[in-house]
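Heads up: the structure comes next, in structure tokens.
The values are calculated or read from the model by the stated rules, or taken from the named source; none is laboratory data. The structure displayed is predicted, hence computed values, not measured ones. All Cβ positions, glycine included, derive from the backbone under ideal geometry; neighbour counts span all protein chains shown.
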Amino acid sequence: MHNLGTVVRFEIVRTLKKKSFWIAALAVPVIAGMVGLIIFFSNKTTDDQTKNLANEQYSLGITDESHLISDQLMGVVKAQKIGNKAEGEAAVKLGKLDAYFYYPGNVSKETVQVYGKDVGFFKNSRYQDLADQLLKQSAASKTDPNLRAILQGTTSYSATTFTSDGQIDKGLLKLIAPGIFLVLFYFMIATFGNQILTSITEEKENRVIEMILATIKPTTLLVGKLLSLILLAFIQMFTILIPIVIGYFVFKNQLSLPNLDLASIPIDPLAVSISAVIFLLSFVMFAGILMTIGAAMPTAKEAGGFMGATFALLFGPLYAAPLFFTSPESPVVQFLSYFPLTAPIPLLLRNAIGNLSLLEAGIASAILLIVTVIVVRIGVRIFRFGALEYSRKLSIKEVIGRKA
Amino acid sequence: MSKETPPLVTVNHFRMDFGKKTVIKDLSFDIRKGETFGLLGSNGSGKTTTIRALLGIYQPTGGELLIDGAPYTVDGSVRLGYLPEERGLYKKENVIDIMTYFGQLKGMKRSEAKEWSLNFLKRVDLGNEASTRLDKLSGGMQQKIQVGIAVMDNPQLLILDEPAKGFDPVNRRLLMDIIEEHQEQGTTVIFVTHQMEEVERLCDRILLLKDGARRLYGTVDEVKDEFGGQVLEIVSDQQVPTNEKLYTIERREGRTTMLTPKAEMLALQRFLLSSGVTYSRFELKRPSLDDIFVDVYGPSAKEEN
């Protein structure tokens, strides 16, 4: 592996110099930030609307046959009581009042009627908003606080379940640690799949491969590219996560984000280890498959079609995800868990859920390991023979037939 | 270069099959240390396959190809410079980054590779292009950089496959100067080309491959002798008639006719004059490599190349 460090450094540095890498990496936190701002301003607007109930600067008349509207709130909005609906409606028509609300005797069956002076398409909604707020806040002020909490759905619950050995069951929290590897795998394959193909076919498309092969071993080049891609994936992941984490702590209160109690996340060393092994084997296997496709094809464009088929097999099991929760013993789940091209997602998901036995994990890992070794060896062989095929695909017959 | 000089490259009974097709048949030759060796042949004659097998890019079906007594490995003892016929570089990278990378792959320190590259760029009038992205340069400029990468790290064996392809006459001159410098430093050069003038000027020995087999092999003079000694060039307004007893007509090109004489010059002259052929040139000379190339491969091969 002479020169491995040189290849890794070159591949990483030139990728980090590309604008597209940073655009892809920073797009996620930027979009997350924009969504946060929208939520923030949306929340702020709602708060402001409530606070501004008292600041509404228009003349208002109210007829309350329901007797629900609080006198105190009417005082806050400086509303005057109007004897009947016709009188209120006429006052608005004549411009004596800016708005008039009619609350019927039975608001559950009859319609609250709102009249107002036209102030434009968007601002006209302020009359109904105020009528609604007055009714809700008046009703809330007359209701028992407990009943109000139930009706408003703000009652909080705490549920504790115990495992067979008397330990507190951590519920969904226990999915987090092993589940991170599933997210990581999805992210790395989705983000770097195309880059692996481009990276492998680049030397061929640029006609630089022959000069390279006279200078370093093909294995060194391929391993160097794979290592650099793995490192770049982590760099990109941290580039995405760091601004999000900083944003979370800085804007947690403004955006009303939930508290993240890392200490409460249970970490099962065995489950995490199994996930880590499956993740690593799966990634190297798929990178090897993509590398092999890239080596056999003259251009990244032609390799793209085969990559699509591979991705369909890889992500296809997500459609059967409910079965992984409910029927882990079913033949479909078993097949998807052991067939190498579909195995990564079922294995990682089932391990996170907790229905992947140690024996199943061991067998599946062994299959992944064997297939990974075979795929990488075939990939290197195809790369050696296919590297100099600038304009045509390499057939399997040729690869097998040639002397190693 | 004496015959006692030990070989740097040895090819023994090399055979190469691709599937059922045999591309090289039982090829043997050697290249002595410090000599410039011309590997010649028409398209598809097996030159590039031989070079690739020599560098371990292809595994030979039979025989052995050795550099300094052993099959070539990238981490072996021989410093190699290789300019393949199918060549290119990383298009989206800066010139200096590419050159430094290749220098490092060849075993140079990063700073050393960068310094060497900057000096080379100045020498080939690309001193201001070190930070330019490669695809912003013209084809000829890119060729110069490829040549630079091939000659980096003072190679002991320099393999140049059609090095002048794409160069204008000025840059061709520059390239020849660079090759000659390396010859003077004792570098062994394998020169794959169709430019016979360059071969005559630079090569100590040559090998002509035809259909994967050795057709002619030796010094330029030996090859000329082996090919058939002397030819007679006649320039005339009249067509030279055939005469199997006195000569064989090799080819006609306009007013020029090339003959292989079978009799005394005086007899030929008498016959031509009696046939009404008057000539402005009647010159006995050794065939040029260009003549030999055309005779071995046919005029179409020369046009192809």
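Quick check: anything in the range A:205-214 of a type in the set (Lys, Arg) and part of a helix (DSSP H, G or I)?
Going through the range A:205-214, the residues of a type in the set (Lys, Arg) turn out to be A:207.
With part of a helix (DSSP H, G or I) added as a condition, the list becomes none.
The answer is no, given that none of the residues of the range A:205-214 is of a type in the set (Lys, Arg) and part of a helix (DSSP H, G or I).
Return yes when A:Gly193 is in a helix (DSSP H, G or I) and either more than 30 Å from A:Leu313 (Cα to Cα) or not aromatic (Phe, Trp, Tyr) (or both) and no when it is not.
Details: in a helix (DSSP H, G or I): yes; either more than 30 Å from A:Leu313 (Cα to Cα) or not aromatic (Phe, Trp, Tyr) (or both): yes.
Judged against the criteria, A:Gly193 is a match.
Would you be able to say whether some residue in the range A:240-252 is within 14 Å of chain B (Cβ to nearest Cβ) and among the β-branched types (Val, Ile, Thr)? I'd like the intermediate steps shown before the answer.
Quick first cut of the range A:240-252, residues within 14 Å of chain B (Cβ to nearest Cβ) only: none.
No, that holds for no residue.
Out of B:Ile57, B:Ile51, which single residue is within 14 Å of chain A (Cβ to nearest Cβ) and either part of a loop (DSSP other than H, G, I, E, B) or polar (S, T, N, Q) (or both)? Let's see the steps before the verdict.
Details: B:Ile51 fails: either part of a loop (DSSP other than H, G, I, E, B) or polar (S, T, N, Q) (or both).
Just a single option satisfies the conditions, and that option is B:Ile57.
Conditions: (1) at pLDDT below 85; (2) more than 14 Å from chain B (Cβ to nearest Cβ); (3) touching a helix residue (DSSP H, G or I) at 6+ places or on another chain (Cβ under 6 Å). A:Thr50 meets all but one. Number of the miss?
The number of the failed condition is (3).
Here is a check on your reading of the model: is A:Ile176 out of contact with any Gly (no Cβ under 9 Å at 6 or more places or on another chain) and touching a residue at least 40 places away in the same chain (Cβ under 8 Å)? Give the derivation first.
Working: out of contact with any Gly (no Cβ under 9 Å at 6 or more places or on another chain): yes; touching a residue at least 40 places away in the same chain (Cβ under 8 Å): yes.
Yes.
Condition first: farther than 24 Å from B:Gly41 by Cα and without any contact (Cβ under 8 Å) to a residue 40 or more places away in the chain. Now tell me which residues in the range B:183-196 satisfy that.
We begin by selecting, within the range B:183-196, every residue farther than 24 Å from B:Gly41 by Cα; these are B:184-186.
Residues satisfying the conditions are B:Glu184, B:Gln185.
Mind checking which residues of the range B:81-97 are part of a loop (DSSP other than H, G, I, E, B) and not aliphatic (A, V, I, L, M)? Write out each step before concluding.
Within the range B:81-97, the first condition is being part of a loop (DSSP other than H, G, I, E, B), and the residues that meet it are B:84-93.
Within the range B:81-97, B:Pro84, B:Glu85, B:Glu86, B:Arg87, B:Gly88, B:Tyr90, B:Lys91, B:Lys92, B:Glu93 qualify.
Has the range A:310-317 got at least one residue that is closer than 18 Å to A:Ala343 by Cβ, without any contact (Cβ under 8 Å) to a residue 12 or more places away in the chain and within 22 Å of the chain's Cα centre (by Cα)? So that I can check it myself, show each step before the final result.
Taking the range A:310-317 first, the residues closer than 18 Å to A:Ala343 by Cβ are A:310-317.
Narrowing the set further to residues that are without any contact (Cβ under 8 Å) to a residue 12 or more places away in the chain leaves A:312.
So of that shortlist, the ones also within 22 Å of the chain's Cα centre (by Cα) come out as A:312.
The answer is yes, given that some residue of the range A:310-317 is closer than 18 Å to A:Ala343 by Cβ, without any contact (Cβ under 8 Å) to a residue 12 or more places away in the chain and within 22 Å of the chain's Cα centre (by Cα).
Just to verify a result, which residue in the range B:107-129, among those that are over 17 Å from B:Asn154 (Cα atoms) and either at pLDDT 95 or above or not hydrophobic (A, V, I, L, M, F, W, C) (or both), is surrounded by the fewest Cβ atoms within 10 Å (Cβ to Cβ)?
Out of the qualifying residues, it is B:Asn128.
Being under 28 Å from B:Leu158 (Cα atoms) and out of contact with any Lys or Arg (no Cβ under 9 Å at 6 or more places or on another chain): is that true of B:Arg215 here? Before you say what the answer is, go through the steps one by one.
Working: under 28 Å from B:Leu158 (Cα atoms): yes; out of contact with any Lys or Arg (no Cβ under 9 Å at 6 or more places or on another chain): yes.
Yes, satisfied.
Somewhere in the range A:253-260, is a residue part of a loop (DSSP other than H, G, I, E, B), over 30 Å from B:Ala150 (Cα atoms) and at pLDDT 80 or above?
If we filter the range A:253-260 for residues that are part of a loop (DSSP other than H, G, I, E, B), which is where we start, we get A:253-260.
Imposing the further condition that a residue be over 30 Å from B:Ala150 (Cα atoms) reduces the set to A:253-260.
Imposing the further condition that a residue be at pLDDT 80 or above reduces the set to none.
The answer is no, given that none of the residues of the range A:253-260 is part of a loop (DSSP other than H, G, I, E, B), over 30 Å from B:Ala150 (Cα atoms) and at pLDDT 80 or above.
Find the residue count for the range A:361-404, including only residues that are at the interface with another protein chain (Cβ under 10 Å from one of its Cβ atoms) and modelled with pLDDT of 70 or more.
2
So is B:Met108 within 11 Å of chain A (Cβ to nearest Cβ), of a type outside the set (D, E, K, R), under 22 Å from the mean Cα position of the chain (by Cα) and more than 24 Å from B:Met16 (Cβ to Cβ) or not?
Values: within 11 Å of chain A (Cβ to nearest Cβ): yes; of a type outside the set (D, E, K, R): yes; under 22 Å from the mean Cα position of the chain (by Cα): no; more than 24 Å from B:Met16 (Cβ to Cβ): yes.
Here the answer is no, as B:Met108 does not meet what is asked.
What single numbered condition from (1) touching a residue at least 40 places away in the same chain (Cβ under 8 Å); (2) not in a loop (DSSP other than H, G, I, E, B) fails to hold for B:Lys144?
With respect to (1) touching a residue at least 40 places away in the same chain (Cβ under 8 Å); (2) not in a loop (DSSP other than H, G, I, E, B), B:Lys144 is out only on (1).
Check the range A:55-66 and report whether any residue there is within 30 Å of A:Lys252 (Cα to Cα) and either within 14 Å of chain B (Cβ to nearest Cβ) or modelled with pLDDT under 90 (or both). Walk me through how you get there before you give the answer.
Of all residues in the range A:55-66, those within 30 Å of A:Lys252 (Cα to Cα) come to A:55.
Filter again for either within 14 Å of chain B (Cβ to nearest Cβ) or modelled with pLDDT under 90 (or both), leaving A:55.
Checked against the condition, which is being within 30 Å of A:Lys252 (Cα to Cα) and either within 14 Å of chain B (Cβ to nearest Cβ) or modelled with pLDDT under 90 (or both), the range A:55-66 yields at least one hit.
Please note which strands (runs of 3 or more DSSP E) are completely contained in the range B:192-287 and include at least 2 residues that are under 30 Å from B:Pro84 (Cβ atoms) and touching a strand residue (DSSP E or B) at 6+ places or on another chain (Cβ under 9 Å). It would help to see each step written out before you state the result.
Values: elements: B:205-210, B:213-219, B:231-236, B:247-253, B:256-261, B:279-285.
Where strands (runs of 3 or more DSSP E) fall fully within the range B:192-287 and carry at least 2 residues being under 30 Å from B:Pro84 (Cβ atoms) and touching a strand residue (DSSP E or B) at 6+ places or on another chain (Cβ under 9 Å), they are B:205-210, B:213-219.
Within the group A:Ser199, A:Ser228, A:Ser273, which residue is within 14 Å of chain B (Cβ to nearest Cβ), within 26 Å of the chain's Cα centre (by Cα) and either closer than 30 Å to B:Thr50 by Cα or assigned to a helix (DSSP H, G or I) (or both)? Lay out the reasoning, then the answer.
Working: A:Ser199 fails: within 26 Å of the chain's Cα centre (by Cα); A:Ser273 fails: within 14 Å of chain B (Cβ to nearest Cβ).
The conditions single out A:Ser228.
Among the residues that make up the range B:47-61, is at least one of them farther than 19 Å from B:Val189 by Cα and modelled with pLDDT of 90 or more?
Taking every residue of the range B:47-61 in turn, at least one turns out to be farther than 19 Å from B:Val189 by Cα and modelled with pLDDT of 90 or more.
Looking only at the range B:8-25, which residues are modelled with pLDDT of 90 or more, within 12 Å of chain A (Cβ to nearest Cβ) and farther than 14 Å from B:Ala213 by Cα?
None; the set is empty.
B:Asp168 - would you say it is surrounded by fewer than 19 Cβ atoms within 10 Å (Cβ to Cβ), in contact with a His (Cβ under 7 Å, 6 or more places away or on another chain) and either modelled with pLDDT under 90 or not basic (Lys, Arg) (or both)? Step through it out loud before you land on a result.
Numbers: surrounded by fewer than 19 Cβ atoms within 10 Å (Cβ to Cβ): yes; in contact with a His (Cβ under 7 Å, 6 or more places away or on another chain): no; either modelled with pLDDT under 90 or not basic (Lys, Arg) (or both): yes.
No: the conditions fail for B:Asp168.
Within the range B:123-140, track down each residue that is part of a loop (DSSP other than H, G, I, E, B) and in contact (Cβ under 8 Å) with a residue 24 or more places away in the chain.
B:Val124, B:Leu126, B:Ala130, B:Ser131, B:Thr132, B:Leu137
Restricting the search to the range B:68-104, which residues are buried (at least 23 other Cβ atoms within 10 Å of the Cβ), more than 7 Å from chain A (Cβ to nearest Cβ) and charged (D, E, K, R)?
none
Here are B:Leu65, B:Leu40, B:Leu55: which of them is surrounded by 20 or more Cβ atoms within 10 Å (Cβ to Cβ) and closer than 19 Å to A:Ile212 by Cα?
Values: B:Leu65 fails: closer than 19 Å to A:Ile212 by Cα; B:Leu40 fails: closer than 19 Å to A:Ile212 by Cα.
Just one listed residue meets the conditions, B:Leu55.
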